[in-house]
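Just below is one structure, and these are the notes that go with it.
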Amino acid sequence: MRTVEEHQAVVAALLPALPAEEVALGAAHNRVLARDVTAQVALPGFDNSAMDGYAARWSEITGTPVRLPVADDIPAGRTDVRPLAPGTVQRIMTGAPLPPGADVVVPVELTDGRTDVVEIRDVPAAGSHLRHAGEDIAAGAVALTAGTPLGAAQLGLAAAVGARSLWVRRRPRVLVLSTGSELVDPGTPLLPGQIYESNSALLAAAVEDAGGTARRLHFVPDDVDQFLTTVRAELGGRGDGPADLLLTSGGVSAGAYEVVKDAFGDLGTVEFVKVAMQPGGPQGAGTVDGVPVVTLPGNPVSSFVSFEVFVRPALRRALGHAAPGRLRAPATLTAPLRSPAGKRQFLRGRYDAGQVSQVGGPGSHLVAHLARANCLVAVPEDVTELPAGAQVDVVLIEGALQ
Ligand SMILES: Nc1nc2c(c(=O)[nH]1)N[C@H]1C(S)=C(S)[C@@H](COP(=O)(O)OP(=O)(O)OC[C@H]3O[C@@H](n4cnc5c(N)ncnc54)[C@H](O)[C@@H]3O)O[C@H]1N2
Ligand code: MOO
């Protein structure tokens, strides 16, 4: 039996780093930076005011109240600011360049607000309300390093330092194919013994969450020829280049109609193994016509957990994420739990403020319970029971954390 780490390494090895492409800033949201971004300008770019008020010399305003002529008016964006003449102030707005010679800004609230001669009624501390050139980042410094996920703050910084476009990793193109003769499209009436197909919705969303693009192929019954025909017709892509990964679900365990195992087993390029974990024991990985393939078990919770443990980190590593794993946290169990010997168990849990409660039992068909969970509770292979109050390691599913 393979360990979790061994199978993680096998899956990761299937997915090489994705090529980089240059995209407009707006298209880079939620992508992963492929090249460092160097600041073209310092931030702030020049000494400027943090308040609407008056730029002054601190030594000239200490004996309040004091009345000084307002020599100039400096809105933000003014490009011809003149030095501050002795014995004068200049009215200045937030973000406007500080006139040379000024060493304090008096907020308008501490004055009478006039524009010819202003009365300053209170003195702020020396040096107050100034923003200094380069205090946030220096020109020429690395603003964002390759591997950084590009969220709102990172895109804001990229624009602030002058970037119009960014080098990011191409999104992996992932095909998702479910198998099973019992499966029916949601919305269609069910006959006895049939169920609604749900894994492709689950896996496509998980792929998108991980940073990839997913194409759901219409699911196929447990028929080897139909399965292989569907797979081979799709692996080459639809004009956008070949898929980076094919994900299948179902048909990999020990039964009589294991379509994925039967079809790919004969090719000799996909290896089917048991991994020492629950759920997600039966796994397969390899290539078909040169395209990486990962075959996930069909139970919905098994598909989800297998994706989380094997596929998501591999996709994110290929995307260049500096930290491809989920956030993990130590948590205290609210109730005792049991776990099978020799297997790493990933129970579904709800984490809140350092405590975690199990959601539902260990059964890998419990998709309603999965949907209420916000974390996976990882129980090591050598642990068979834990009392309430024990410390466990939880894997936080960010999108579900609320
Ligand atoms: N004799 C044994 N039986 C089983 C073993 C075993 O080792 N020996 N392993 C069990 C484990 S663990 C798992 S997990 C499953 C994996 O089975 P398959 O990958 O072959 O999946 P299926 O048999 O096709 O389906 C399992 C289960 O999940 C439902 N399913 C499948 N696909 C979908 C889908 N797209 N949407 C919704 N639900 C789906 C399917 O109806 C079954 O209920 O095998 C155990 N058995
Ligand atoms: O290991 Mo299966 O993947 O539990 O139900």
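Where a number appears in this text, it was derived from the coordinates with a stated rule and is not lab data. Small disclaimer: the values here were computed from a predicted structure and weren't measured. Because the Cβ atoms are built from the backbone with ideal geometry, glycine has one as well, and the counts that use them run over all protein chains shown.
Of all DSSP beta bridges located in the chain, what percent are antiparallel, nearest 5? If I count the DSSP bridges inside the chain, around 70 percent turn out antiparallel. Of all segments of the chain bounded by GluC sites (Glu not before Pro) found in a DSSP loop with no more than 16 other C-beta atoms within 10 Å, the longest spans 183-380.
Under 5 Å between amide hydrogens, built in the peptide plane, is the criterion, and for Arg348 it picks out Val359, Val377 among residues at least 5 positions away or on other chains.
Of Gly251, Gly87, Gly95, the residue with the greatest mean-square motion in the GNM of the chain, using alpha carbon springs below 10 Å, is Gly87.
Given a Förster radius of 41 Å and the C-beta distance between Arg35 and Ser59 as r, what FRET efficiency does 1/(1 + (r/R0)^6) yield to the nearest 0.05?
Details: r = 48 Å, r/R0 = 1.18.
E between Arg35 and Ser59, to the nearest 0.05, is 0.25.
Under 19 Å from a label point set 7 Å out along the Cα-to-Cβ vector of Leu267, the amide N atoms of region 283-307 belong to 283-298.
Can you tell me the orientation of helix 199-210 relative to the chain, as the angle in degrees between its alpha-carbon axis and the longest Cα principal axis, to the nearest 10? That helix lies at roughly 30 degrees to the long axis.
Once every DSSP H run of n ≥ 4 in the chain is given -39500 (n - 2.57) and the sum is divided by its residues, what mean residue ellipticity at 222 nm do you get, rounded to the nearest 500 deg cm²/dmol? List each step's numbers first, then the result.
Details: 8 runs with 73 residues, N = 402.
Helix-only estimate at 222 nm: -5000 deg cm²/dmol.
Taking the square roots of 5 times each eigenvalue of the Cα gyration tensor of region 259-368, largest first, gives ellipsoid semi-axes of 29, 18, 11 Å. Scalar couplings 3J(HN,Hα) for region 286-296, obtained by applying the Karplus form with A = 6.51, B = -1.76, C = 1.60 to θ = phi - 60°, are x, 9, 10, 6, x, 9, x, 9, 10, 9, 9 Hz; x denotes Gly and Pro. For region 328-400, the spread of Cα positions along the three principal axes, ordered from largest to smallest, is 30, 28, 19 Å.
Scan region 129-195 for trypsin sites (Lys or Arg not before Pro) in coil per DSSP, keeping those whose Cβ has at most 11 other Cβ atoms within 10 Å, and list them by number. If you can, show how the numbers build up before the last one.
Values: sites: Arg131, Arg164, Arg169, Arg170, Arg173; in loops: Arg164, Arg170.
Counting only loop positions with at most 11 other Cβ atoms within 10 Å, the trypsin sites (Lys or Arg not before Pro) in region 129-195 are Arg164.
Gyration tensor analysis over the Cα atoms of region 158-254 returns equivalent ellipsoid semi-axes of 34, 16, 10 Å (largest first, whole Å). Amide H to amide H, with H built 1.01 Å from N, Ile137 comes under 5 Å of Leu43, counting only residues 5 or more places away or on other chains.
State the percent of C-alpha pairs, over all pairs in region 19-167, separated by a distance greater than 18 angstrom. That tail contains 60 percent of the Cα-Cα pairs. Mean separation of Cα pairs under 8 Å and 6 or more residues apart, divided by the residue count, gives region 48-131 a relative contact order of 42 percent.
The phi torsions of region 331-345, fed into the Karplus equation with coefficients 6.51, -1.76 and 1.60 and a -60° offset, translate into couplings of 8, 9, 6, 8, 8, x, 9, 10, 8, x, 5, x, 10, 7, 9 Hz, rounded to whole numbers, with Gly and Pro shown as x. Summing +1 for each Lys or Arg and -1 for each Asp or Glu among the other residues whose beta-carbon sits under 11 angstrom from that of Ala71 gives -1. Here region 48-104 has an Rg and Dmax of 10.4, 32 Å, counting Cα atoms alone. Working note: Karplus 6.51/-1.76/1.60 with θ = phi - 60° gives region 225-241 the couplings 5, 5, 4, 5, 4, 4, 4, 5, 5, 9, 4, x, x, 10, x, 9, x Hz, where Gly and Pro are set to x.
Applying Stokes-Einstein at 4 °C and 1.567 mPa s to the Kirkwood radius of the chain, computed over alpha-carbon pairs, gives a translational diffusion coefficient of 51 µm² s⁻¹.
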